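Here is the structure we will look at, set down as structure tokens.
The values are calculated or read from the model by the stated rules, or taken from the named source; none is laboratory data. Worth saying up front: this structure is predicted, and the values here are computed from it rather than measured. Glycine gets a Cβ as well: all are built from the backbone with ideal geometry, and neighbour counts include every protein chain shown. Note: areas computed on protein heavy atoms with side chains; ligands, DNA, RNA excluded. Shrake-Rupley method; radii C 1.70, N 1.55, O 1.52, S 1.80 Å.
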Amino acid sequence: MAGHAQPVSAFPGISAALLVVALILGTLGAVALRAEAGTGLGASDWAALRFTLAQASLSALLSVGLAVPVARALARRRFPGRALLIALLGAPFILPVIVAILGLLAVFGRAGWLSSFFGLLGLEPVQIYGLHGVVLAHVFFNLPLATRLILQGWQEIPAERFRLAAQLKAGPLAMWRLLEGPMLRRVAPGALAVVFAICLSSFAVALTLGGGPRATTIELAIYQAFRFDFDLGRAALLSGVQLLLTGAAALAALRVSAGEGFGAGLDRAVRRWDGQGAAARCLDAAWIALSAGFLLLPLAAIVLSGLPGLADLNSTVWRAAGNSILVAAISTVILLGLALPMAAATAAGRNSLTELSGILGLAASPLVIGTGLFILIYPVADPFALALPVTALVNAVMALPFAMRILVPRAREVLGRYGRLSLSLDMQGWAFVRRVYLPRMRAQTGFAAGLAAALSMGDLGVVALFADPDFATLPLQIYRLMGAYRMEAAAGAALLLLVLSMGAFWILDRGGRWHAEA
Amino acid sequence: MKHLAFAAGLLGASAAFAETPELTVYTYDSFVSDWGPGPAVEKAFEAVCGCDLKLVGAGDGAALLARVKLEGERSDADVVLGLDTNLTAAAKQTGLFAEHAVSAEYALPVEWNDATFVPYDWGYFAFVHNADAAAPADFRALAASDKKIVIQDPRSSTPGLGLLMWVKAAYGDEAPEIWTGLSDNIVTVTKGWSEAYGMFLEGEADMVLSYTTSPAYHLIAEEDGSKSAAAFDEGHYMQVEVAGKLANTDQPELADQFLAFMVSDAFQSIIPTTNWMYPAVTPAAGLPEGFETLIAPEKSLLLSETEAAELRDAALGEWLDTLSQ
């Protein structure tokens, strides 16, 4: 598909990619320039590197490994409440870490539901702390994302293919070999790379559930370099290491995930003729029930603990909620403005540079970006006044990798199939974008927008550096409440955040798929 | 919200509004929250200063210092409120802070004569537990017990760093031995205080590193007497919270006025039931009812700022080595 004329220009996408690269590398550079003579990496930094790699690899393999059967079950089944379940399954991914951890502990902790249940049976309580705790939490966070990415892959197989396979009486094995296997080979490496990269830069989870200093990640080392040592050089160096690692992982994933799609269908709703046997039904039901239990119980715990606190919410919390909604809205608009052209450019071009630059957002430390922006903005403008746009912009860049994973495969599909036809009809540029590209990207655009809005809603990162007295976002307000011992009000605010994030995700995602799929 | 305030200013007494001098104070997040001292302090100071007090929350103590360092001499801040003695040496090294002329009858258990920083409250670190459970009387007893504790990471939180200093001040070179003993008691190490305290309230641990004044919150604000702090025989490490004036402030007089106001009755009487710490100067009305139930450590431990700065890296190395095994 590469190497010949395309109906869309790659120029806007490449410009957007350059902007993203400039933001990430520019801020890193700004931090490095402000640094005094660097000290290099110490023994503890190398230990942090090893632990970071080990937990991220394990978390990625498990998340994606489990996501395959779950996504397959969801792809094959239609049942009432399926759309709601899929939206709910997305919730863990977008929760602020502290909220999610408290939810997880209510279920898996020492005094949690599972341990109480084991106690009734005369068993020891579960031991959640340690590497397995970190991996458990990362799977909780990332299984939903991996499931959605892979489910997307299943849904991108045109209905006609399934019909054809059914007419040819393809058994489960043949179905796997012809349709599902090749699809997974295309989609899974990308999902692996994304989850790996997310887990690379995680640190609050690793710290809280890791059990102690063994569970040190690079991001914690960056954090310490900033906060207590104010060693910008070391922070920049560590951040560079993190960027390289993720970049390498992303490149590797892009290499293996290239390949032809399945071609275009007539956008009919997918119907499945396979997997109607009793065994397949039971298996799918079990996977759906297990994953729903694993993901929804901690959410239920958050809801239960938050309900009594709802009465405590005052105007400051509501104002913070309003700010969060505003940031999420702006962030989503910025994200789509960057991601849609970048996806088109990636699909139209031979090289994967635009795609790679999209992944960079995952690897960059929000602390380093925030600090770098502060250094850059401070001499020319008041950082307080820019708190809102800066937070929205950084959140958009952070959501970009997910959006790219969602948009690019579909963009390839669209350009690959309709590109020549459109050219032959002399439909190019804006006309193509408006009549072919955007309508066919609608489901994916909705999913990406929903994810971006929800992620931005739950983000704590950059706003802390730019926080203005009148400008607190909801996650920041939750920390403030906890700092003042108002745990109940904080739990109430956390529930509000959960509802807002879920609501934003559901509305946008649903809006995108409206009319498109049963 | 800002636009509304701005519009209100334009429509109202705009001339007076524009001429009101503004004093900017950087502080930590929980200080400015609705239930923190911020709103009451702002109201009380604005009643006497004829100025607009702008409190800006910027993370916690350590993040606050990083913010000031980032901004350097061009900082908008006039006063920085919320550093502690583990950070003041580094803060002075920046050369960004000016000396003060405040003197007061401090109620601190230690001598205070710092030319740069004025203390506004203090507290003792302590392990908080459920009152109905017996508590160990020192670190060795804690290490020998099967009590589970949650602590904070000294690399990311100020209480975590305080605990490191506590063990170092109490045990000196024996500190690694204490940490070895404690390692099987530590359920986990969290990023910050909020995570740890939340986990303790969820029942994840028997004890959590916090302050001797934490039970006062539960008692006074929630009428819940079920939390206590364990009294340790080797003494309790103190945290003294301080504020300082920036040398490059454009409001030097107002900044001085604020520092003096900070140790006055109006400010100090707000502290105990909003920041849940001891006031640096005992208010005329005394401490609020409920504070008398708190444990009063026999011995107060506090490393000088230079000792703390010198010991930190070595103590952190010991801590990492011992607990990584």
Just want the answer: with Cβ charges of +1 for Lys and Arg and -1 for Asp and Glu, which residue in A:P389, A:A489, A:A83 is farthest toward the dipole's positive end in chain A? A:A83
Square roots of five times the Cα gyration tensor eigenvalues for the protein assembly as shown, Å: 49, 31, 24
Could you pull the accessible area for A:M398 with a 1.4 Å probe, rounded to 10 Å²? 40 Å²
Any idea of A:F79's accessible area? Nearest 10 Å², probe 1.4 Å. 70 Å²
Among B:A255, B:T274, B:S304, whose Cα sits farthest toward the positive end of the charge dipole of the range B:246-315 (+1 at Cβ of Lys/Arg, -1 at Cβ of Asp/Glu, about the Cα centre)? B:T274
Backbone HN-Hα couplings from phi across the range A:337-348 [Karplus 6.51/-1.76/1.60, Hz, Gly and Pro as x]: x, 8, 6, 5, x, 5, 5, 5, 5, 5, 5, 7
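Is there a simple number for the mean count of other chain Cβ atoms within 10 Å of the Cβ of residues in A:227-240, and what is it?
Working: counts 14, 15, 6, 8, 0, 3, 0, 0, 0, 0, 0, 0, 0, 0.
Across A:227-240, the average partner-chain Cβ count within 10 Å equals 3.
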With no solvent and one point per C-alpha, what does the Debye sum give as log10 I(q)/I(0) for the range A:1-106 at q = 0.09, 0.16 Å⁻¹? -0.58, -1.15
Identify, among B:A115, B:A231, B:T212, the residue whose Cα sits farthest towards the positive end of the charge dipole of chain B, taking +1 on the Cβ of Lys and Arg and -1 on the Cβ of Asp and Glu, with the dipole about the Cα centre. B:A115
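Could you give the size of the charge dipole of the protein assembly as shown about its Cα centre, using +1 on the Cβ of each K and R and -1 on the Cβ of each D and E, expressed in debye and rounded to the nearest 20?
Numbers: 55 positive and 73 negative charges, 1352 e Å.
Value, rounded to 20: 6500 debye.
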Mind jotting down a quarter of the surface of the convex hull over the alpha carbons of chain B, in square nanometres, one decimal? 17.3 nm²
Using Cα-Cα distances under 8 Å and only pairs 6 or more residues apart, what relative contact order does the range A:90-167 have, in percent? 30 percent
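Taking N as the number of residues in the range A:47-304, what value does Rg over Cα atoms divided by 2.2 N^0.38 Å take?
Details: Rg = 20.6 Å, N = 258, 2.2 N^0.38 = 18.1 Å.
Scaled against compact globular proteins, the figure is 1.13.
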Chain A - percent relative contact order, Cα under 8 Å, separation 6 or more: 26 percent
Pull up all non-local amide H partners of B:F127: gap of 5 or more, or a different chain, and H-to-H distance under 5 Å with H placed in the peptide plane. B:S210, B:A230
How far, in nm, would the chain grow between A:L168 and A:A280 when pulled straight, counting 0.36 nm per residue and subtracting the alpha carbon separation? 38.3 nm
Using a probe radius of 1.4 Å on heavy atoms only, what accessible surface per residue do you get for the protein assembly as shown? Whole Å² is fine. 38 Å²
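What part of the accessible area of the range A:47-304, given as a whole %, is carbon or sulfur when the probe is 1.4 angstrom?
Roughly 69 percent of what the probe reaches on the range A:47-304 is carbon or sulfur.
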Please name the residues of the range B:138-163 whose accessible area, counted over protein heavy atoms with a 1.4 angstrom probe, falls by no less than 40 Å² between the chain alone and the full protein assembly. B:R155, B:S156
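What's the ranking of B:200-210, A:308-318, B:241-251 by average number of surrounding C-beta atoms within 10 Å, highest first? Can you show the working numbers first?
Numbers: B:200-210: 23.0, A:308-318: 15.4, B:241-251: 21.0.
So the peptides B:200-210, A:308-318, B:241-251, ranked by packing, come out B:200-210, B:241-251, A:308-318.
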For A:L425 paired with B:A247, estimate the spin-label separation in nm (one decimal), with each label point 7 Å from Cα along the Cα-to-Cβ line. 7.1 nm
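Sorted by accessible area (1.4 Å probe), largest first, how do B:D132, B:D256, A:D231 line up?
Values: B:D132 145, B:D256 65, A:D231 35 Å².
Listed by decreasing accessible area, they come as B:D132, B:D256, A:D231.
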With the solvent-accessible surface defined on protein heavy atoms using a 1.4 Å probe, which residues belonging to the range A:196-212 display a reduction of at least 10 Å² in accessible area in the multichain context relative to the isolated chain? A:F203, A:A204, A:L207, A:T208, A:G211, A:G212
Report ³J(HN,Hα) in whole Hz for each residue of the range A:23-29, in order, from the Karplus equation J = 6.51 cos²θ - 1.76 cosθ + 1.60 where θ = phi - 60°; Gly and Pro get x. 5, 6, 6, x, 5, 4, x
Counting DSSP beta bridges in the protein assembly as shown, what percent are antiparallel, to the nearest 5? 60 percent
Sorted peptide list for A:54-67, A:135-148, criterion being average Cβ within 10 angstrom, highest first: A:135-148, A:54-67
³J(HN,Hα) computed for each position of the range A:157-167 - Karplus, 6.51 cos²θ - 1.76 cosθ + 1.60, integer Hz, glycine/proline x: 6, x, 4, 4, 5, 5, 4, 4, 4, 5, 5
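Considering only chain B, what is the antiparallel percent among its DSSP beta bridges, to the nearest 5? Before the final figure, lay out the partial values.
Values: 24 of 40 bridges.
Antiparallel bridges: around 60 percent, rounded to the nearest 5.
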Roughly how large is the A-B contact in terms of buried accessible area, totalled over both chains, probe 1.4 Å, nearest 100 Å²? 5400 Å²
Report the relative contact order of the range A:47-304, percent, no decimals, based on alpha-carbon pairs under 8 angstrom and at least 6 residues apart. 34 percent
